[in-house]
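Beneath this line is the structure, given in structure tokens, with notes to follow.
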Amino acid sequence: MAKKPGNYRFSFGPWNISMGADPFGPVVRKEVAFAKKVREYKKLGFDYVQLHDDDVVPADWDAAATTRGVAKVRQLLASEGLKGEFIAPRLWEDPRTIDGAYTANSASARRYARDRSRRAVDIANMLGIDLIVLWPAREGTYIREAKDPIAATGLMVDAVNDMLEHDPNIRIVGEMKPNEPMDQAYCPTVGHFMGLCYRTADPKRVGVLIESAHSILAGLDPSDDMAYALWHGKLWGVHLNDQNGLKYDQDKTFGSVDLRRAFNQVWVLDRAGYYDIGVVGLDIKAMRTTKQIDETRHLANSLRVFQHLLKLVRSVDASRVEALRGARDYEGLELYIMEHLLGR
Ligand code: 3MF
Ligand code: MG
């Protein structure tokens, strides 16, 4: 008998409860303290918290202060029955990384980025987390001539190796995005980073986190990107959301633009037994028009859409799909899927 499908674990990042500022206007909602955000998780149905290093402790704290600060956050998470999913070194806000972090032209900027990344690994260890997420925000260029793109590729591998060597158990995933804030990012897609994984010092500890919007921005289908990484055994994180075409990174509610595309992501994850592999992370922004009282609705709504889609995925008539595939009747298959989504 087939194995019973498992239950999913869910996460989001504290930055997903936000104040609504955009490049054209200031904040429109009040700031919510970190501890208050943490207390929202369970109520909303989430068990895991996605963390940046400086969500836990400020980046400029020394070792002793860091240890004390991390202990407080460990206690806060434990008191809520929550776990940290990953630590991501937030390398893109510091003035030293204006021209990039691992691929900056300045050696001292590169050193800062690598020191801070090792410290992120230490923070992860202190919190009992074994996953680091690298979103290489400023690795890339505004103009192609600014950096040496061949050297940059090697510098990305060196940075990953540095963390692998720093800790024998840590796993590292790249969260690739083709543009924004850079005009062109180095390693713009999942496939690019996967190529690098195999050239690191310990390939079995390096994988990817796939964000739906990032694949869409690269003109790719997120479910196919996920399938590619799943085949390699390297999909250890996802950021589900949605994106309306090729524009700035929107982080819209999961399924809100293209339900069928979202359905296919849930289908591919469920088919691969992702519930046993990783946490289903959301990376969703509230609309700027959202009122303070509704500041977590986009998260609850996305989770609800995931659960609806999971029901649809698990009630697909697999033998009918197989028969239609066998007959090369893709018109029939398309209608079957659309009617299934429509509840008809
Ligand atoms: C940017 C992102 C990031 C990452 C986060 C964790 C701020 O498009 O998706 O969100 O998800 O840094 O790696
Ligand atoms: Mg993300």
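To one decimal place, what orientation-averaged projected area in nm² is obtained for the convex hull of the Cα set of region 221-285?
4.2 nm²
Using unit Cβ charges (K, R positive; D, E negative) and no other charged atoms, how large, in debye to the nearest 20, is the dipole of region 213-263 about its Cα centre?
Dipole of region 213-263, to the nearest 20 debye: 40 debye.
When the Cα centres of region 115-130 and region 164-198 are compared, how far apart do they sit, in Å?
With region 115-130 and region 164-198 each reduced to a Cα centre, they are spaced 18 Å.
Compute the FRET efficiency between Ile293 and Gln75 as 1/(1 + (r/R0)^6), taking r as their Cβ-Cβ distance and R0 = 22 Å, and round to the nearest 0.05.
On the way: r = 29 Å, r/R0 = 1.32.
For Ile293 and Gln75, the calculated efficiency is 0.15.
Cβ under 13 Å from Ala59's Cβ, Ala59 left aside: what net charge do those residues give with Lys, Arg +1 and Asp, Glu -1? Intermediate values should be presented prior to the final figure.
On the way: positive: Arg90, Arg96, Arg116, Arg118, Arg119; negative: Asp53, Asp54, Asp55, Asp60, Asp62, Glu93, Asp94, Asp115, Asp122.
Cβ neighbours under 13 Å give a net charge of -4.
Put His52, His232 in order of accessible area, largest first, 1.4 Å probe: what do you get?
Numbers: His52 15, His232 50 Å².
Listed by decreasing accessible area, they come as His232, His52.
Sort Arg144, Arg29 by accessible area with a 1.4 Å probe, largest first.
Arg144, Arg29
Rounded, prolate or oblate for region 1-81? Axes are the square roots of the Cα gyration tensor eigenvalues, ordered a ≥ b ≥ c, and the cut-off for rounded is a/c under 1.5.
Values: a/c = 2.29, a/b = 1.27, b/c = 1.80.
Since a/c reaches 1.5 but b/c is at least a/b, the shape of region 1-81 is classed as oblate.
What's the angle, to the nearest 10 degrees (0 to 90), between helix 63-80's Cα axis and the longest principal axis of the chain?
On a 0 to 90 degree scale, this one is about 30.
Under the classification rounded if a/c is under 1.5, otherwise prolate if a/b is larger than b/c and oblate if not, where does region 10-315 fall, given a ≥ b ≥ c as square roots of the Cα gyration tensor eigenvalues?
Values: a/c = 1.33, a/b = 1.15, b/c = 1.15.
In terms of gyration-tensor shape, rounded.
Per DSSP H run of at least 4 residues, take -39500 (n - 2.57); add these up for the chain, divide by its residues and hand me the 222 nm value, nearest 500 deg cm²/dmol. Before the final figure, lay out the partial values.
Details: 13 runs with 146 residues, N = 344.
Per the formula, -13000 deg cm²/dmol.
By how many degrees, between 0 and 90 and to the nearest 10, does the Cα long axis of helix 107-126 differ from the longest principal axis of the chain?
60 degrees
With every protein chain left in place, what is the accessible area of Asp258 in Å² (1.4 Å probe, nearest 10)?
Surface accessible to solvent at Asp258 totals approximately 50 Å².
Cα convex hull of region 36-121: how many Å³ per residue?
Details: hull volume 8.4 nm³, N = 86.
Hull volume normalised by residue count: 98 Å³.
What nm value, rounded to one decimal, do you get for the distance between Asp202 and Glu180 when each label is placed 7 Å out toward the C-beta?
3.5 nm
Carbon and sulfur atoms: what percent of the 1.4 Å accessible area of the chain do they account for?
Values: 9070 of 16730 Å².
With neighbouring chains kept in place, the figure for the chain is 54 percent.
What figure, in Å² to the nearest 10, do you get for the accessible area of Leu217 with a 1.4 Å probe and non-protein molecules left out?
We get 20 Å² for Leu217.
Expressed in nm to one decimal, what extension gain is obtained for the pair Arg118 and Asp258 from 0.36 nm per residue of sequence separation less their Cα-Cα distance? Don't jump to the answer; show the numbers that get you there.
Values: separation 140, 0.36 × 140 = 50.40 nm, distance 3.89 nm.
Gain on extension, Arg118 to Asp258, equals 46.5 nm.
Among DSSP beta bridges whose residues both lie in the chain, state the antiparallel percentage, nearest 5.
Values: 4 of 28 bridges.
Close to 15 percent.
Which one, Gly191, Gly326, Gly281, has the greatest fluctuation when you compute a Gaussian network model over the chain with C-alpha springs under 10 angstrom?
Maximum fluctuation in the GNM of the chain, among the listed residues, is at Gly326.
Could you identify which residue out of Thr97, Thr200, Thr290 has the top mean-square fluctuation in a GNM of the chain using Cα springs shorter than 10 Å?
Per the Cα network of the chain with a 10 Å cutoff, Thr290 tops the list.
If you line up the long axis of helix 149-166 against the longest principal axis of the chain, both from Cα atoms, how many degrees apart are they, to the nearest 10?
80 degrees
Filter the chymotrypsin sites (Phe, Trp or Tyr not before Pro) in region 152-209 down to the DSSP loop ones having no more than 12 other Cβ atoms within 10 Å, then list what survives. Walk me through the numbers on the way to the answer.
Details: sites: Tyr186, Phe193, Tyr198; in loops: Tyr186, Tyr198.
Answer in residue order: Tyr198.
Need one number: nm distance between label points at Asp276 and Tyr248, each 7 Å from Cα along Cα→Cβ, rounded to one decimal.
4.3 nm
Where the centroid of each part is defined by its Cα atoms, how far is region 47-75 from region 296-343 in Å?
Cα centroid to Cα centroid, the span is 41 Å.
What is the dipole size for the chain, taken about its Cα centre, with +1 at each Lys and Arg Cβ and -1 at each Asp and Glu Cβ, in debye to the nearest 20?
On the way: 47 positive and 47 negative charges, 197 e Å.
Dipole magnitude for the chain comes out near 940 debye.
Could you sort Arg68, Arg119 by their accessible area in this structure, using a 1.4 Å probe and putting the largest first? Don't skip to the end; give the middle numbers.
Details: Arg68 160, Arg119 40 Å².
Correct descending sequence by accessible area is Arg68, Arg119.
Let me know the charge dipole size of region 81-168 about its Cα centre in debye, to the nearest 20, where only the beta-carbon of Lys, Arg (+1) and Asp, Glu (-1) is charged. Numbers along the way, then the final one.
On the way: 12 positive and 14 negative charges, 42 e Å.
The calculation lands at about 200 debye.
Under a Cβ-Cβ cut-off of 10 Å, what is the net charge of the residues other than Val28 that fall near it, where Lys and Arg count +1 and Asp and Glu count -1?
That sum, taken over residues with Cβ under 10 Å, equals +3.
Give me the number: length gained by fully extending Arg304 to Ala146, i.e. 0.36 nm times residue separation minus the C-alpha to C-alpha distance, one decimal in nm. The partial results should precede the final answer.
Numbers: separation 158, 0.36 × 158 = 56.88 nm, distance 4.48 nm.
Taking Arg304 through Ala146 to full extension adds about 52.4 nm, to one decimal.
Under 8 Å for C-alpha pairs, at least 6 residues apart: give me the relative contact order for region 10-315, rounded to a whole percent. Numbers along the way, then the final one.
On the way: 549 pairs, mean separation 48.4, N = 306.
So the answer I get is 16 percent.
Between Lys43 and Lys311, what length comes free when the chain is fully extended (0.36 nm per residue of separation minus the Cα-Cα distance, one decimal in nm)? If you can, show how the numbers build up before the last one.
On the way: separation 268, 0.36 × 268 = 96.48 nm, distance 2.20 nm.
Full extension from Lys43 to Lys311 adds 94.3 nm.
In nanometres, what is the gap between the two model label sites at Phe34 and Asp158, each 7 Å from Cα along Cα-to-Cβ?
So the label points at Phe34 and Asp158 sit 3.1 nm apart.
The values are calculated or read from the model by the stated rules, or taken from the named source; none is laboratory data. Quantities reported herein were computed from a predicted structural model and do not represent experimental measurements. Methodologically, a virtual Cβ is constructed for each residue, glycine included, from the backbone with ideal geometry; neighbour enumeration extends over all protein chains shown. SASA here: full protein model, heavy atoms, side chains in, ligands and nucleic acids out. Shrake-Rupley method; radii C 1.70, N 1.55, O 1.52, S 1.80 Å.
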